[in-house]
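J.: Here it is: the structure, laid out below.
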Amino acid sequence: MAAITVASSLLSSKPSTSILSPPIHSSTSSFLSLNRLPSSLSLRSLSLNRLPSSLSPRPSLRRAIDPIRASASSATTVAEPGGLKVTVVPTKPVEGQKTGTSGLRKKVKVFTQENYLANWIQALFNSLAPEDYKGGLLVLGGDGRYFNREAAHIIIKIAAGNGVGKILVGRDGIMSTPAVSAVIRKQKANGGFIMSASHNPGGPENDWGIKFNYSSGQPAPESITDKIYGNTLSISEVKMADIPDVDLSKLGVTKYGSFSVEVVDPVSDYLELMETVFDFNLIKDLLRSDFRFIFDAMHAVTGAYANPIFVKRLGADPGSIINAVPSEDFGQGHPDPNLTYAKELVDIMYGENAPDFGAASDGDGDRNMILGKGFFVTPSDSVAIIAANAQAAIPYFKNGPKGLARSMPTSGALDLVADKLNLPFFEVPTGWKFFGNLMDAGKLSICGEESFGTGSDHIREKDGIWAVLAWLSIIAYRNKDKKVAEKLISVEDVVKEHWATYGRNFFSRYDYEECESEGANKMVDYLRDLISKSKSGDKYGSYTLQFADDFMYTDPVDGSVASKQGVRFVFTDGSRIIFRLSGTGSAGATIRIYIEQFEPDVSKHDMDAQEALKPLIDVALSVSKLKDFAGREKPTVIT
Ligand code: VG1
Ligand code: CO
């Protein structure tokens with residue numbers, strides 16, 4: 001690794017736009033001669049390796065194995081047009097590189113195995129049509145987690161080796177998932193990579209992940225991810241440009257023949273977009289008054305966005321942003337904004353003298369949690385309330401949303417809004433990739449998932465900061481005519497008013513994390529068998545079954561079919577119990593149970609959700625025999 005770190009520290013002294021000739025040999029004849037001397041690459045590495053390690057800017061850069069260097073001794077070098085030298089590194093397939101709900105996620109120890117990441121990146125290029133990347137523009141961002149820096153260099157070199165024209169990378173490799181989507185769209189890029197395992201913990205002992213989005217800014221659909229997986233099983237070589245590591249800490253362009261890397265500010269394009277979506281002056285007025293706001297970045301990527309947006313641009317108190325410095329292990333926390341893992345914020349919001357508004361976001365900035373003073377807004381309610389108020393409070397929706405959508409396990413609160421506003425409505429499987437086609441076809445504006453994901457067609461990802469700005473807009477709009485010292489309409493008031501209008505969908509999710517895969521799979525098999533035998537009218541406690549199935553979705557735009565997306569029991573009163581296995585974990589199996597019951601009676605709306613749902617939760621646990629199959633008494637997380 002020393003070869004790479006030294007090269008990058010030398011580069012950092014260059015002016016911000018440097019035109020570097022190819023690092024070793026620039027003429028075709030020298031490529032040819034190199035071609036006959038495959039050992040030249042390792043010789044160069046050896047000599048550079050002798051330079052003092054004190055030149056290394058970051059000790060962490062030397063920790064991980066460089067998968068490409070590890071096999072460089074048997075590599076051959078070929079000439080490529082454009083003055084870029086490409087090394088073809090022989091490799092072998094690695095098992096298990098199938099992407100889940102959102103990208104490929106594994107333990108860091110797995111990703112740092114020889115060629116593991118390189119194989120997947122090359123398999124991705126092998127899956128795309130050449131016109132989708134040759135000479136094209138790609139975006140690269142990440143959430144700042146451990147291994148991102150090393151991974152960025154590997155991705156840049158393989159992209160260059162495959163003929164990509166230019167990479168836009170966030171400074172220090174930082175760019176949130178929604179910002180990557182925004183930049184792809186604004187800069188008309190062919191696609192982009194996000195180095196993140198999202199809400200999964202980071203650090204040498206924890207998780208790493210990679211996601212690929214394509215030209216609309218949308219997560220790659222299964223048609224692409226299936227191809228990538230297929231190619232990982234037959235891969236035999238990785239094409240890698242022989243260029244030094246680029247200094248990612250300095251803004252500017254570095255050129256290598258026909259390839260270039262531009263380090264960009266990760267915030268500016270995203271902030272510019274937010275300014276077109278929201279009325280910033282409206283939010284500014286709210287944040288300036290006696291309204292108290294707090295945002296918890298959970299030591300993750302939104303730390304880079306919170307200060308420029310909430311403090312500098314919108315005038316929030318600098319002390320209102322907590323855990324604002326992205327760290328490689330998220331301060332040893334679990335960057336998942338829910339009632340369990342965002343404990344610090346929850347304690348503040350439920351404590352004495354709590355602020356009026358609290359919010360948090362996850363590792364890569366696409367999730368959000370919204371809290372009022374001593375009050376939690378469920379994500380299912382949140383998207384419904386945003387949809388109901390969007391036209392009035394958010395300029396982007398001034399003509400009204402085009403359509404609404406939610407993932408299948410998300411509560412039916414949004415359905416009721418769609419009904420009232422007479423809007424097209426869609427129910428899709430879990431995972432944001434299913435919303436994009438509907439947005440591209442102009443059928444969908446606002447959508448959400450129960451898993452703390454909310455967003456709109458301003459980009460093609462869920463968007464944590466957008467959700468916070470949407471809620472601030474709603475509160476600001478509702479209070480815009482209030483005089484100083486007059487009592488403000490609170491988050492809780494807005495939610496309760498919504499329930500009074502539409503009824504309340506009590507909702508809860510139970511997660512049983514890191515169960516034995518065998519037991520979890522057996523439970524799902526058992527449930528599938530059960531639904532095949534069930535019939536309408538069957539009794540489950542005091543509930544009568546309307547139907548039970550394994551959710552299947554046919555995309556109304558391209559006709560693609562996603563099956564086995566969750567076992568559901570739907571009862572005659574609209575109550576639902578849903579079972580799914582998580583597709584984002586990196587070890588064992590996580591069982592998720594989703595429980596929902598509609599309550600039209602306002603006098604019952606103040607009930608605690610766990611209390612209101614108790615009979616249905618008991619049915620869910622007994623129907624699934626979860627305790628027997630998973631050997632668990634209690635869930636790890638209750639939402
Ligand atoms: C979970 C959520 C899902 C979300 C996905 C990615 O998936 O349930 O709604 O889209 O995470 O979110 P699963 O398969 O574990 O249930 V993120 O913030 O990781 O990009
Ligand atoms: Co995320």
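The values are calculated or read from the model by the stated rules, or taken from the named source; none is laboratory data. No experiment lies behind these values; they were computed from the predicted model shown. FYI the Cβ positions are ideal-geometry reconstructions off the backbone, even for glycines, and counts take in every protein chain you see. Side chains are part of the model used for accessible areas, which takes the heavy atoms of the whole protein and leaves out ligands, DNA and RNA. Shrake-Rupley method; radii C 1.70, N 1.55, O 1.52, S 1.80 Å.
J.: Only one residue in Ser223, Ser216 is in a loop (DSSP other than H, G, I, E, B), open to solvent by 10 Å² or more (accessible area, probe 1.4 Å) and closer than 28 Å to Ser102 by Cβ. Which one?
T.: Ser216
J.: Which one of these is over 14 Å from Val468 (Cβ atoms), open to solvent by 20 Å² or more (accessible area, probe 1.4 Å), in contact (Cβ under 8 Å) with a residue 24 or more places away in the chain and not assigned by the TED database to the domain that holds Pro556: Asp329, Asp347, Asp364?
T.: Of the residues listed, the single one that is over 14 Å from Val468 (Cβ atoms), open to solvent by 20 Å² or more (accessible area, probe 1.4 Å), in contact (Cβ under 8 Å) with a residue 24 or more places away in the chain and not assigned by the TED database to the domain that holds Pro556 is Asp329.
J.: Is the stretch 334-345 home to any residue that is over 21 Å from Pro219 (Cβ atoms), in contact with a strand residue (DSSP E or B) (Cβ under 8 Å, 6 or more places away or on another chain) and assigned to a helix (DSSP H, G or I)?
T.: Among the residues of the stretch 334-345, at least one is over 21 Å from Pro219 (Cβ atoms), in contact with a strand residue (DSSP E or B) (Cβ under 8 Å, 6 or more places away or on another chain) and assigned to a helix (DSSP H, G or I), which makes the answer yes.
J.: List pairs: first residue in the stretch 497-526 and in a loop (DSSP other than H, G, I, E, B), second residue of a type in the set (A, V, I, L, M, F, W, C) anywhere in the structure, Cβ distance under 9 angstrom, at least six positions apart or on different chains.
T.: The qualifying pairs are Gly503/Ala413; Gly503/Leu416; Gly503/Phe598; Gly503/Val602; Glu516/Ala589; Glu516/Ala630.
J.: May I ask you to list the residues in the stretch 367-405 that are in a strand (DSSP E or B), open to solvent by 10 Å² or more (accessible area, probe 1.4 Å) and within 16 Å of ligand 1 (Cβ to nearest atom)?
T.: Residue satisfying the conditions is Arg367 alone.
J.: Among the numbered conditions (1) within 18 Å of the chain's Cα centre (by Cα); (2) assigned to a strand (DSSP E or B), tell me where Gly358 comes up short.
T.: Answer for Gly358: the failing condition is (1).
J.: Could you tell me whether Arg313 is basic (Lys, Arg) and under 30 Å from Tyr512 (Cα atoms)?
T.: no
J.: Then there is this: If you scan the stretch 133-185, which residues turn out to be acidic (Asp, Glu) and open to solvent by less than 10 Å² (accessible area, probe 1.4 Å)?
T.: Matches in the stretch 133-185: Asp143 only.
J.: Another question, then. Applying the selection to the stretch 446-457, what residues are surrounded by 24 or more Cβ atoms within 10 Å (Cβ to Cβ) and either in a loop (DSSP other than H, G, I, E, B) or at pLDDT below 95 (or both)?
T.: Within the stretch 446-457, Glu450, Ser451, Phe452 meet the criteria.
J.: Take the stretch 163-213 and flag every residue that is part of a strand (DSSP E or B) and within 16 Å of ligand 1 (Cβ to nearest atom).
T.: Matches in the stretch 163-213: Gly192, Phe193, Ile194, Met195, Asp207, Trp208, Gly209, Ile210, Lys211, Phe212, Asn213.
J.: Something else about it: Please go through the stretch 531-543 and give me each residue that is under 12 Å from Val619 (Cα atoms) and open to solvent by 30 Å² or more (accessible area, probe 1.4 Å), ordered by number.
T.: Once the filter is applied, which keeps residues that are under 12 Å from Val619 (Cα atoms) and open to solvent by 30 Å² or more (accessible area, probe 1.4 Å), the stretch 531-543 yields Lys539, Tyr540, Gly541, Ser542.
J.: Please indicate, with yes or no, whether at least one residue in the stretch 191-213 is open to solvent by 20 Å² or more (accessible area, probe 1.4 Å), within 20 Å of the chain's Cα centre (by Cα) and under 20 Å from Asp558 (Cβ atoms).
T.: No.
J.: Suppose the filter is within 30 Å of Glu222 (Cβ to Cβ), part of a loop (DSSP other than H, G, I, E, B) and free of Cβ contacts under 8 Å to residues at least 60 places away in the same chain; does Lys535 pass it?
T.: Against the criterion (within 30 Å of Glu222 (Cβ to Cβ), part of a loop (DSSP other than H, G, I, E, B) and free of Cβ contacts under 8 Å to residues at least 60 places away in the same chain), Lys535 does not qualify.
J.: Based on this model, can you work out whether Leu416 counts as open to solvent by 10 Å² or more (accessible area, probe 1.4 Å), at negative phi, in the same structural domain as His458 (by the TED database) and not in a helix (DSSP H, G or I)?
T.: Criteria not met by Leu416.
J.: Here is a further query. Determine whether Gly144 is touching a strand residue (DSSP E or B) at 6+ places or on another chain (Cβ under 7 Å) and within 16 Å of ligand 2 (Cβ to nearest atom).
T.: no
J.: For the stretch 429-436, does any single residue satisfy the condition of being open to solvent by less than 20 Å² (accessible area, probe 1.4 Å), away from ligand 2 (no atom under 16 Å from the Cβ), in the same structural domain as Gly363 (by the TED database) and not in a helix (DSSP H, G or I)?
T.: Checking the stretch 429-436: at least one residue is open to solvent by less than 20 Å² (accessible area, probe 1.4 Å), away from ligand 2 (no atom under 16 Å from the Cβ), in the same structural domain as Gly363 (by the TED database) and not in a helix (DSSP H, G or I).
J.: Right, another one. Determine whether Ser508 is open to solvent by less than 10 Å² (accessible area, probe 1.4 Å) and more than 16 Å from ligand 2 (Cβ to nearest atom).
T.: yes
J.: Among the residues of the stretch 292-313, write down those that are crowded, with 21+ Cβ neighbours inside 10 Å and among the charged types (D, E, K, R).
T.: Asp296
J.: State all residues of the stretch 104-132 that are open to solvent by 20 Å² or more (accessible area, probe 1.4 Å) and either more than 22 Å from Glu150 (Cβ to Cβ) or under 18 Å from the mean Cα position of the chain (by Cα) (or both); if no residue qualifies, say none.
T.: Result: Lys106, Lys107, Asn126, Leu128, Ala129, Pro130, Glu131, Asp132.
J.: Condition check: of a type outside the set (Lys, Arg), touching a residue at least 60 places away in the same chain (Cβ under 8 Å), more than 16 Å from ligand 2 (Cβ to nearest atom) and within 19 Å of Ile475 (Cβ to Cβ). Does Pro395 satisfy that?
T.: yes
J.: Okay, moving on. Have a look at Val263, Val246, Val253, Val277 and point out the one that is in contact with a His (Cβ under 8 Å, 6 or more places away or on another chain) and over 30 Å from Ile475 (Cβ atoms).
T.: Exactly one of Val263, Val246, Val253, Val277 is in contact with a His (Cβ under 8 Å, 6 or more places away or on another chain) and over 30 Å from Ile475 (Cβ atoms), namely Val246.
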